[in-house]
Each structure stands twice: as C-alpha cells, then as structure tokens.
1. Taking the number of other C-beta atoms within 10 Å as the exposure measure, put B:211, A:173, B:451 in order starting with the fewest.
2. To the nearest 10 degrees, how steeply does helix B:305-318 sit against the main Cα axis of chain B, on a 0 to 90 scale?
3. Could you state the angle between the C-alpha long axis of helix B:259-272 and the longest principal axis of the C-alpha atoms of chain B, as a value from 0 to 90 degrees rounded to the nearest 10?
4. If you line up the long axis of helix B:344-364 against the longest principal axis of chain B, both from Cα atoms, how many degrees apart are they, to the nearest 10?
5. Just tell me how shielded B:244-254 is by partners: mean number of partner chain Cβ atoms within 10 Å of each residue's Cβ, no decimals.
6. Check chain B for me: any Cys whose beta-carbon has no other cysteine beta-carbon within less than 4.7 Å?
7. How well do other chains shield peptide B:327-340, expressed as the mean number of their Cβ atoms within 10 Å of each residue Cβ?
8. Between residue B:293 and residue B:340, what is the spin-label point distance in nm, taking each point 7 Å from the Cα along the Cα→C-beta axis?
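All of the numbers you see were taken from the coordinates with simple rules; none came from a lab. These numbers were taken from a predicted model, which means no experiment stands behind them. No Cβ is skipped: glycine too gets one built from the backbone with ideal geometry, and neighbour counts run over all protein chains shown.
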Amino acid sequence: MNQKLAKNTGEYMKLNKIGIIAMITMTEALVGSGCSLLSKNAQNPVQNSGTGPTVSTSVPSMAAVVGRIQKGLGGNVSSSAGNFAKVLAQVQTNLPSVTDPTKATGLDQIPVLIYGACSDVSTSLMNSAYKVNSGTSVAANMAPLVAAGVTMVNLHVANLAAAGTPLNAQVSSIFTNLVNSDIGSGATTAQAFYSVCMAANSFGVGMTGF
Amino acid sequence: MRIKVNKSWKEFVDKKPHPTFSRRDFLSRGLATSVATVAIPHALSMAMAKNAFGSAASCPPAVRTPGALAQIYRDGGPTVGAMFLNQQQVSFMNATVAGNYGIVQTDIAQVGANWYLATSSPFAIGLMTPPSGISQAAWNAVLMKTSLGGHYGAFNQDDGAGENSGLLGGASTFKPSVLGKDLRINNQASLATWAQGIPSTGVSGNPSQLSVTNGSIAKNFGIQPAGNTTSALMSNSAAAADSLSQLFLGLFGANRTMAQGAVSKATCGFYGDSVLADPTYGNGLFNPTAIGALSSAITLANLSQEEQSLLAAYYQSAVGSLGGVFVQQNGCDYHGQSVQNTIAPSDYEAGRMVGMFLAACSIAGSKGAMIMLHNGQAIASGVVAATVGPNNVNTNGPSAQGDAGGAYNAGFILAFDPSSPPVLSSTGTFNTTSGNVTAASAVGASTDAVSGLYLTAFAHLGLNVSQAASAMAEGSPQNIMLIS
C-alpha cells in the first residue's frame, strides 16, 4: 500500500516538474520573442483614445506635480511663496487634470512651473544647499553643479543613482554634458544652476512614465 | 525461484524521453530563466526607447497650417432665432415666426452669400458694424464672402440638460500649428468626447474680462521671472531631461501601455517650451498692437480690450500659430432676463466676436470656419427696444420667454473664403407656420451634429477629414457634413 502511494507520489512529482519546466520554457519563449502577456493592452495611443482607460501608465496631475517639485528641490522652495506660487497661479488650470495619459494635456506646462520654482533658489541658497558659488565661473562650479543635478534626480528615483552605482556615473555624465553645453551657450553660473534644476526636475516630475 | 516484476514501457527504451532534473539543475535553470526574463525585455525596451526618444527630432515638427478655426459656445440658451437666418427661413417668414424668433420681420436683409440678419437686432448690430478702420463697403464685401450651414433641431436640451453634453470641440490634433495647441477661453462646460485630451492652453474668466494691457492671453505663453534662462539654455535642459528619461525608461517599464507615449508627450512639450524663454514671445503673438498686419488695418484703440484680444487670437489661428480658439460665453440663459441689461449686451457681444473672427481671416487672407453652439434656446414674444455698444446704438432685442429648445434650436457654421464663399447646406425640417424645427435623423443626437459641424469646418480648411471622422467614431461622415 505504502509502495503504491510512494510510486504514485513520485510520478506525480515527476509530472509536476515537467509541467513547471514547460511553463518556464513557454514563458522564456514568449519573452524571447518580445511578446508581452499584456499584449492585448499594447495598442497605440490613438486606438486607445476615447475607448476608456486601458493603460497601465499614469501622468501626474496638478497636486502630484507640485508635490514632486517640492520633493526634488529638497523642500527648499514652497508652492505658496515666491515665483513658484506666482507661476502656479498662472498655469494651474493648464496642468494635467487627469492621470489618464491618453486624455491628459498640459505636460508642457510642467517645465514652465519648474522654472518658476527653481528660480526661487537664491544664490545664497544655491551656495548653502548645493555648494554652487554664483560668484565664480560655470567651469569652476562644474562638480557642484553636476552633484546638484544628481542629488535632485536621486530624490525622484529613490536613490537609484546613488554614489557607487553604475547609474550614478551615467547620470553624472548627462549633467556634465549639460553644463558644458550651457558654457557653450554663454550661461552664467546661476543660469547653469537653473538649467540643471530644470532638467533634473522636469525628468523627475513628468518624464519618468509614471 | 524466479520473481517476476512488472516493468513499465519506460524501462525498455534506450533513453529516457527527458533528462531527470536534480534540485541543482532545477535551480540553475530557474536562475537562467529569471535572468532572461529580466534582461531580455530590458534590453528590448531600451532599444525601443532609444528609437522613441532620440532627440527633439523625434517630436512632431512645428507646421504652420493657415486657416482660422473657432467656436463660440453660448452657455445657457439664448434666443437663437434672433441670430442667423437661412434662405429657407426667410422664404417662409411671417409675423408669428418673427415673434417667436424675437426679430422685426421688415428688418431682414441678406448679409452673407446665403444668410440673413434682422438688421436692427443686437446681434446684427454687433456683426454688421465694421471694426474701426475698415469701411462699411469693405466690411460688407467681407461678409458676402461667407456662407452659413447649420444642423437645426439637434440641440434641444435646455440649460443644465445640454450644458455638459459635449458641445465644445477641439482642433489642434487635426490642425497642425506652430504652438501645437488650441486656445480655450473660459471653457467650463464639458468637451465632446473626441476633443478630450487635445492639447490646449486655457484662459479663465469670461471673455469680457480679457485684457491686452494685462496680457491675459499673452502671459500664458511666456515664463516668469525673465532673465534666469534663455531659449538655448532651455533647449540644453530639455535635451538633458530627454537623456535622463531614456536612461531610466527601461528600469521603470517602457513596455507599460502608454509609458512611452506619456514620456514622449512630456519630452516634446519641454522642447517646445524653449521659445517661451523669449520675454516678448507671448506679447508678440497676442497683443494686436505688436502685429503689423492688424495694427495697420484696424484702429485698435477704438476696439474694446476683449475685441482686441480675440482679434489677435483669431489671427494667430488664421496664420497657423494656433490650432483653434474656443470661447465659452456665459450668461446666455435668456429665460426671464432683462433685454436691456442682459440679452441685448450678450447678443451684441456675440456679434462682435464673429466680427473679430471675420476681420482676422480677411486680414490674414486665409480661410476660416466658425462654429456657434448653444444648449437649447429661449423662445421670444416679439422685441423690446434696447441700446448696445459704446455708442448706445438703438436696437430691437428679443423679448425672451420660456426655455424652448424643443421648439427651435440650431448649431451654426459660418465659413469664410477670401476668394469666394463655399457652398454650405443645412439639415432639419421647418414648420413654416411657427418656425419650429425637427432634426434630421442622421443628426438626431447633438453629438453627431457637433461632429458634423467640425468635420465640415475641417473639410473647408483642407484638413484630414477621415482622420477626424475616425477619432469621432463617425462611420459615415458624409451623412453629417454640410459641405459638398
């Protein structure tokens, strides 16, 4: 009786193994061929429009935009004061009002608002918070400008580009290129900081895809 | 003694049909699978992302499509009979119809190629009075280059019932422009389903609050504070943000539906913002005194701030900087309202809006299509004398009574062509005794009527009608269009 049970159990386990392997192989084949298990939803945006939300992405609406900007700037600016408040009052009705990416408009207004918020970082705050000395040349501030950009990006991506990670080097490279481009465009140090601030936060607020 | 043991078929084959897996084998293959599952889609998505977000070059180019497109949505139900009249209405006009429409029958005169106005109505005074600087003869010639079309009977839902039934359209997706967006002024009612998500910039407040001096439109096309950046620096910044999005897109799931689309919209929007760094950009577009063609043709100082603002906005649509201009005029629920204080000023304002639109088209030398919609209407009982405008011109305004969208209503399109007016038609069956109207079956629903008016406008302006019809889910667009 026990032998029969053991035999049945063994065959069951063997079949189970085969089933698991088959499943894995099928998944591997699907993945290898570029298929997605969600392919039925992978329509183009035009097909999606007007047929209800079949998307798995969302865009930030006004409250999220404001919150993300404040987060990216490390709490150094406030949406209720300065240029941030002034520009917010101007563009708030044009920021995305829905999170459905097929219906949301106003994503172009996000960098405009970020510019206003970044402009609230005074030269003294630039120096104390980001070690950027606006009294010296852009080239002399290359390292702190790049570091400021990396810091802001990390605040948006949960430190994925923290020091020592491969992403850190790539993000730093992007900001190095940006600062060099700004030097070529005749930027002052403060303008270069605002340029870095806009790039980092525009990415973090509206260009991550969620 | 021999012991017989039953054997399965498996013990007679030379080789087992599959290898036996140890736990280590299994874990090893599982690890490989896991790596493949993560790495392959990551690599694929990064490759796709690279194609999708290479640079500003992947964004749609700024294309200037000449031709003005505009809509006035008169919210609340005005006396629609005291606006445009078509040839058929004029032919059966009698005292009863004139009373219901709130007009003086003997005042009716031809104004456009196929349309008429009761010339003493506030709407007619607003529209037929030329903008200062243009002679009456020249203005009359402009008006004669217009043609009227209409879907009559489909807009029978009064007040709140019709307000959010999707009577505001959109254009920028179908009419490429430099700014790539529409301008929406005071748009509070819901948009047509197909118009939702079409890029636009909104200006809040009633159109009567528009001000060139305060730059109420222009300030939405600029950045503040000025001086902390330049167009070149913003382009540099956009390129860096673009690179960051490429770097992280694979990690965050490029394969999620619309992930690429959402990032692409944001990226292209950022690239497009670079022009805003020019502190004169918005003013150059929306202050008519900064536009030579307008300031030389019209004595702008004699126009109100609202008229100047709309003139510039319509002009930017006409020359292809903007998609369309969509204005919601509030306070048009005429039921029980004072003719002098509410009805006549509102009709006069609407007439001036149409006038500014036609002036902009004429000066730009481009085609134009203006759509006018209303949620229901108020039936009239004759006229009441009232004065309108800065010169207190005497008019006969409609003495509006109860809501009666079910009796008479209309959605109009006025098309302008600087060469010769197009041939537009109308739908709906009139009761020649009362002037009431019944909608045609093809446009029994106001949604179809709105689509038909917009498709007509797109066809007149030479835009892609089939693309628009598809977005509107209109399978037989010819059945609802008013242009042949």
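1. Working: B:211 16, A:173 13, B:451 27.
Fewest-to-most ranking of B:211, A:173, B:451: A:173, B:211, B:451.
2. Result, in degrees: 50.
3. Value to nearest ten degrees: 50.
4. Orientation of helix B:344-364: about 70 degrees from the principal axis.
5. On the way: counts 17, 7, 3, 10, 13, 3, 0, 5, 6, 5, 1.
Whole-number average of other-chain Cβ neighbours for B:244-254 is 6.
6. B:332, B:361, each lacking another Cys Cβ under 4.7 Å.
7. Other-chain Cβ atoms within 10 Å of each residue's Cβ, averaged: 0.
8. Using points 7 Å along Cα→Cβ, the separation is 4.3 nm.
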